[in-house]
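Okay, so here's the structure we're looking at.
The values are calculated or read from the model by the stated rules, or taken from the named source; none is laboratory data. These figures come from a predicted structure and were not determined experimentally. Reconstructed Cβ throughout: ideal geometry from the backbone, glycine too, with neighbour counts over all protein chains shown. These area figures cover heavy atoms from the full protein model, side chains too; ligands, DNA and RNA do not enter into them. Shrake-Rupley method; radii C 1.70, N 1.55, O 1.52, S 1.80 Å.
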Amino acid sequence: MKPKIEDVAKLAGVSPTTVSRVLNNRGYISNETRDKVQKAMNELNYFPNDVARTLFNKRSNLIGLILPTTSNPFFGELTFHLENICASLGYKVLLCNSLNQIDKEEKYLEMLLRNQVDGIIVGTHNRGILDYHKQGLAVVAIDRYLSETIPVVSSDNYEGGKMATDLLIEDGCKCIALIDGVGELETPARLRRKAYVDLMEECGRVPIIYEIPEVFDKKSQQDVISRLFHECPEVDGVFATNDIFAASFINEATSRGKNVPGDVKVVGYDGTETAQILLPQLTTIKQPIELIAKTAIDILLKEIEREFTDFPLETRLPVKLSKGTSA
C-alpha cells in the first residue's frame, strides 16, 4: 500500500498541513522541520502527488514542445538545450513530434491542454493551430510565424543567407544555386532565400532555386539534387538552407565524380554539433542554438508569470560563418 501524506506526518512528528507546506514551499518552515519531513519521505519512499500539487499551486511545472521531428540534427540539438534549461528551472518537458502533420499537431495540443501545461514552445512547420491564446496559454514560436500576437525567436536568417551567398560570389562562383524547402510558408527561415535572391539580382544574375517538397525525406532530397545536376550541370556554387541538404548535395556530387570545393563549392546552414562531427569539412552558417533555446524559455516564463507589458514580437539572434573546406 502506497504511503500517504498522513504517514509522512506521523513519522516526522508534524501535522499533515506542515508536510503539505514543505511539499509546496509555502510559508515559513524551519530547516529542522524540513529535514524531518524529507527524511520521513525517504524512509517511506513517498512521492508527492503531482496532480494534487498542480491543483494547489495552479501550476503544473510542465512545458510542452511541439516540433517537426527530433531526428533532424537542428531540432534534436534544440530539444536537448530546451529540456536541459527547463530541468534546471524545475520544469518537466512533454515532447511532441508532429512530423508536420496538422492532425497530429492538433491531437498533441489537446493532450498538452489535458495535462495543463504552463506553456508551449512551437517549432512546427504548420499554421494549423492558431487558437493557442484562446486557451489562455503562454506560447513562444521558434522560427515560425503562428499569429500576430505570438512572439518568435530565430537566428538572423537574412544576415545568414547574405553571408553564405556573399562567400560564394567572392569565391568566384559563376553559377550559384539555392537548395531550399518548398516556398509556400512564410517563416523567418525563408529570409535565407530572400537574401540569396536579393544578392543574385544585385549582381545581375538569375536566381536558380531548387525546392525539396519533403524536407525530411532522403529520397525527396536525392531526387531534387539529381535533377539539379541534370538541368544545371554548370553549377559551381550551392547554398543549401540547412546542413542536411548540404550533406545530401555533397554525397551526390562525390558520386558523380565532382570535387568539392574544386568543381563546386557548398555552404550550408545550422552548424549543429552532429554536422560538425560527421561533416567537418562543411562551410556553414552557425546558428546560436543554445541561445535560441534560452531566449525562448526566458520569454515563455515571463508570459507564464504575466510579466510582459511590452515585448518584441520577433527576436533575431546573431549567426556566424563556420569556415570549412567545402567553400
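Among residues belonging to region 149-180 that are among the β-branched types (Val, Ile, Thr) and under 22 Å from the mean Cα position of the chain (by Cα), point out the one that is nearest to ILE250 (Cα to Cα). Steps first, please.
Step one: of region 149-180, the residues among the β-branched types (Val, Ile, Thr) are 149-150, 152-153, 165, 169, 176, 179.
Subsequent filtering for residues that are under 22 Å from the mean Cα position of the chain (by Cα) retains 149-150, 152-153, 179.
On the way: THR149: 40, ILE150: 37, VAL152: 32, VAL153: 30, ILE179: 12 Å.
Among residues in region 149-180 that are among the β-branched types (Val, Ile, Thr) and under 22 Å from the mean Cα position of the chain (by Cα), the one nearest to ILE250 (Cα to Cα) is ILE179.
Residues that are over 22 Å from ASP143 (Cα atoms), open to solvent by less than 70 Å² (accessible area, probe 1.4 Å), within 27 Å of the chain's Cα centre (by Cα) and at pLDDT below 95: does region 209-216 have at least one?
Residues of region 209-216 that are over 22 Å from ASP143 (Cα atoms), as a first pass: none.
Within region 209-216, not a single residue is over 22 Å from ASP143 (Cα atoms), open to solvent by less than 70 Å² (accessible area, probe 1.4 Å), within 27 Å of the chain's Cα centre (by Cα) and at pLDDT below 95.
Okay, residues lined up against (1) surrounded by 19 or more Cβ atoms within 10 Å (Cβ to Cβ); (2) modelled with pLDDT of 95 or more:
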site: THR274; (1), (2): no, no
site: GLN287; (1), (2): yes, yes
site: LEU291; (1), (2): no, yes
site: ILE299; (1), (2): yes, no
site: LYS302; (1), (2): no, no
site: GLU307; (1), (2): no, no
site: ASP310; (1), (2): no, no
site: GLU314; (1), (2): no, no
site: VAL319; (1), (2): yes, yes
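When you go through (1) open to solvent by less than 10 Å² (accessible area, probe 1.4 Å); (2) farther than 30 Å from ASP118 by Cβ; (3) of a type in the set (A, V, I, L, M); (4) touching a strand residue (DSSP E or B) at 6+ places or on another chain (Cβ under 7 Å) one by one for ALA253, which number turns out not to apply?
Looking at each condition in turn, ALA253 falls short on (4).
From the set of residues in region 12-34 that are among the polar types (S, T, N, Q) and assigned to a loop (DSSP other than H, G, I, E, B), which is most open to solvent (accessible area, probe 1.4 Å)? So that I can check it myself, show each step before the final result.
In the first step, residues of region 12-34 are kept if they are among the polar types (S, T, N, Q); the result is 15, 17-18, 20, 24-25, 30-31, 33.
Right, trim to assigned to a loop (DSSP other than H, G, I, E, B) and you get 15, 25, 30.
Working: SER15: 51, ASN25: 111, SER30: 35 Å².
Out of the qualifying residues, it is ASN25.
Need a quick list: helices (runs of 4 or more DSSP H) entirely within region 211-308 having at least 2 residues that are touching a residue at least 60 places away in the same chain (Cβ under 8 Å).
Working: elements: 218-231, 243-255, 273-278, 289-304.
Per the criteria, 243-255, 273-278, 289-304.
Given the criteria farther than 30 Å from GLY268 by Cβ, touching a helix residue (DSSP H, G or I) at 6+ places or on another chain (Cβ under 7 Å), among the β-branched types (Val, Ile, Thr) and modelled with pLDDT of 80 or more, does THR69 qualify?
Values: farther than 30 Å from GLY268 by Cβ: no; touching a helix residue (DSSP H, G or I) at 6+ places or on another chain (Cβ under 7 Å): yes; among the β-branched types (Val, Ile, Thr): yes; modelled with pLDDT of 80 or more: yes.
In short, no.
Within region 170-202, which residues are farther than 22 Å from GLN221 by Cα and surrounded by fewer than 17 Cβ atoms within 10 Å (Cβ to Cβ)?
Scanning region 170-202 gives GLU170, ASP171, GLY172, LYS174, ASP198, GLU201, GLU202.
Yes or no, residue by residue, for (1) at pLDDT 85 or above; (2) open to solvent by less than 20 Å² (accessible area, probe 1.4 Å); (3) part of a helix (DSSP H, G or I):
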| position | (1), (2), (3) |
| --- | --- |
| LYS10 | yes, no, yes |
| LYS36 | yes, no, yes |
| PRO48 | no, no, no |
| VAL51 | no, no, yes |
| LEU55 | no, no, yes |
| ARG59 | no, no, no |
